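The values are calculated or read from the model by the stated rules, or taken from the named source; none is laboratory data. All values reported here derive from a predicted model rather than from experimental measurement. No Cβ is skipped: glycine too gets one built from the backbone with ideal geometry, and neighbour counts run over all protein chains shown. Remember, those area values only see protein heavy atoms, side chains included, never the ligands or the DNA or RNA. Shrake-Rupley method; radii C 1.70, N 1.55, O 1.52, S 1.80 Å.
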Amino acid sequence: MTELAYLADLPSAYVRDFRGRIAALPPGAIVLDRTYFYPTGGGQPADRGTLRLPGGEDLSVVDVTKSGPSVVHRIHGSPSAIRSLAVGLELEGTIDWERRHRHMRLHTAQHLLSARLFTRYRVRTRRAELSGLTATLDLEGAISAEELAPLADDLREAGTLPRPVRVRFVPRAEWDRNPNSERSGLVPLPRQVDPVRVVEIEATDACPCGGTHVRSTGEIGAVTLAPPVPNAGGASRVVFTIEPVGPPIPPA
Ligand SMILES: [Zn+2]
């Protein structure tokens with residue numbers, strides 16, 4: 001079982017270096033007792049980075065997945081480094097920060113856009129997929145290019161008037177009573193999720209999510225919206241991109 005340390009609060013998404021002990025050694029991979037590596041899930045790709053052995057040799061983390069309660073770090077390394085691995089050994093993890101921070105910016109921009117699509121047009125986001133500098137949102141309803149245009153202004157405003165982003169854990173019953181639980185515009189959560197990890201963008205959005213996000217909308221940078229594309233069943237797909245490098249990260 002792996003403690004998902006990146007979930008604890010919003011600042012945990014900014015942890016780049018950490019220590020964890022080997023809990024299991026499936027073929028070609030390492031399960032740690034705790035990790036800050038994000039495993040593929042919820043439309044957000046897995047982190048990359050390194051796991052350093054006590055002797056100083058690095059193993060490359062080439063993929064990270066969830067397997068039941070465990071996080072599996074798929075690794076590449078020299079045969080001698082692989083042979084020296086043992087359950088209980090402490091490793092030093094380092095996250096590929098450029099990749100991670102791009103996902104954090106992209107993911108927070110997706111929350112903003114999904115929230116605006118819902119508050120303006122009552123159109124929910126059925127699925128969101130992040131990749132590189134691009135987010136793809138599959139909506140439950142149709143949206144036209146004219147309707148999408150003002151949302152670009154909303155996204156720009158979130159950059160010029162930055163809003164703080166927070167994480168809190170809310171008992172399920174309380175979340176279901178919360179009128180803001182609708183506002184995220186995502187499809188409803190499975191019943192068994194309790195407590196709910198809620199990612200809030202101040203005065204804008206409250207959204208159940210297990211991903212990693214920036215602490216202020218001012219960190220996202222410019223967002224470019226492509227014209228919507230018709231999807232099956234009268235729905236729409238919306239794609240946007242962010243700049244390779246965002247604004248400087250303000251101090252915590
Ligand atoms: Zn999220």
The residue that is least open to solvent (accessible area, probe 1.4 Å), considering only those in segment 172-205 that are of a type in the set (Gly, Ala, Ser) and at pLDDT 75 or above, is ALA173
Qualifying residues in segment 117-127 (those that are surrounded by fewer than 23 Cβ atoms within 10 Å (Cβ to Cβ) and within 16 Å of the ligand (Cβ to nearest atom)) - the one farthest from ALA232 (Cα to Cα)
PHE118
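Per-residue answers, yes or no, for (1) under 30 Å from PRO26 (Cα atoms); (2) out of contact with any strand residue (DSSP E or B) (no Cβ under 7 Å at 6 or more places or on another chain); (3) of a type in the set (A, V, I, L, M):
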site	(1), (2), (3)
VAL62	yes, no, yes
VAL87	yes, no, yes
GLU98	yes, yes, no
GLN110	no, no, no
LEU137	no, no, yes
GLU140	no, no, no
Is it fair to say SER144 is within 12 Å of the ligand (Cβ to nearest atom) and out of contact with any helix residue (DSSP H, G or I) (no Cβ under 9 Å at 6 or more places or on another chain)?
no
Test for VAL165: is it buried (at least 17 other Cβ atoms within 10 Å of the Cβ) and either out of contact with any Leu (no Cβ under 9 Å at 6 or more places or on another chain) or modelled with pLDDT of 95 or more (or both)
yes
Which ones in segment 7-50 are aliphatic (A, V, I, L, M), away from the ligand (no atom under 16 Å from the Cβ) and farther than 23 Å from THR217 by Cβ?
ILE22, ALA23, ALA24, LEU25, ALA29, ILE30, VAL31, LEU32
Filter result for the condition that a residue is within 15 Å of the ligand (Cβ to nearest atom) and either within 22 Å of ALA46 (Cα to Cα) or crowded, with 16+ Cβ neighbours inside 10 Å (or both), over PRO228, PRO208:
PRO208
Just to verify a result, which residue in segment 51-80, among those that are closer than 14 Å to PHE18 by Cα and outside any strand (DSSP E or B), is farthest from the ligand (Cβ to nearest atom)?
PRO54
Restricting to segment 37-47, name every residue that is assigned to a loop (DSSP other than H, G, I, E, B) and out of contact with any Ser or Thr (no Cβ under 8 Å at 6 or more places or on another chain).
PHE37, GLY42, GLY43, ASP47
Would you be able to tell me the number of residues in segment 236-246 that are open to solvent by less than 30 Å² (accessible area, probe 1.4 Å) and at pLDDT 95 or above?
4
Kindly evaluate THR94 against the criterion of being of a type in the set (Ser, Thr, Tyr), crowded, with 16+ Cβ neighbours inside 10 Å, under 24 Å from the mean Cα position of the chain (by Cα) and away from the ligand (no atom under 16 Å from the Cβ).
yes
Going residue by residue through segment 13-22, is there one that turns out to be assigned to a helix (DSSP H, G or I) and open to solvent by less than 60 Å² (accessible area, probe 1.4 Å)?
yes
